[in-house]
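Input: a single structure, listed below in structure tokens.
The values are calculated or read from the model by the stated rules, or taken from the named source; none is laboratory data. Quick caveat: nothing in here was measured; it's all calculated off a predicted structure. Please note: Cβ atoms are built from the backbone with ideal geometry, for glycine as well, and neighbour counts cover all protein chains shown. Only protein heavy atoms, including side chains, enter the accessible area calculation; ligands, DNA and RNA are left aside. Shrake-Rupley method; radii C 1.70, N 1.55, O 1.52, S 1.80 Å.
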Amino acid sequence: QVQLVESGGGSVQPGGSLRLSCAASGSISSAYGMAWYRQALGKPREFVAGIIRDGSTNYADSVKGRFTITRDNGKNTMYLQMNSLKPEDTAVYYCTLTDRGLGYWGQGTQVTVSS
């Protein structure tokens, strides 16, 4: 069993920054991948950013240049640094982990960008 615990969400004004964290625990191999997804009210869940063990990353076009995904393999923790936040970034952000063909999701953390 794998558990994912997200933290760092909150409310911020446009142009502000937030840093999300996702700590993984349980039975995890050394080759897992992690990613962030988000879901705005009334919209489908969408991919935000992903990172694999060697540090390779990819981003949704909507966040390129503003968001940075990183991970600390020693701590089994992933981060999402979000800068220049926009109202359209408002959503529940979910952490995911994929390991040995199985996928796991965190409970989600709310990010609200509003003046």
Completion exercise
Filter the stretch 31-58 for residues that are small (G, A, S) and touching a residue at least 40 places away in the same chain (Cβ under 8 Å); the one that is surrounded by the fewest Cβ atoms within 10 Å (Cβ to Cβ) is A31
Problem - Filter result for the condition that a residue is of a type in the set (D, E) and open to solvent by 10 Å² or more (accessible area, probe 1.4 Å), over D61, D89, D99 - result: D61
Practice task
Inspect all residues belonging to the stretch 64-73 and state whether any of them is open to solvent by 60 Å² or more (accessible area, probe 1.4 Å), in contact with a strand residue (DSSP E or B) (Cβ under 7 Å, 6 or more places away or on another chain) and of a type outside the set (V, I, T).
Solution key: no
Exercise for the section: Go through (1) among the aliphatic types (A, V, I, L, M); (2) surrounded by fewer than 21 Cβ atoms within 10 Å (Cβ to Cβ); (3) within 22 Å of Q3 (Cβ to Cβ) and name the single condition M78 misses. Expected result: (2)
Handout entry: Residue list for the stretch 83-108, filter: polar (S, T, N, Q) and modelled with pLDDT under 95
Key = T98
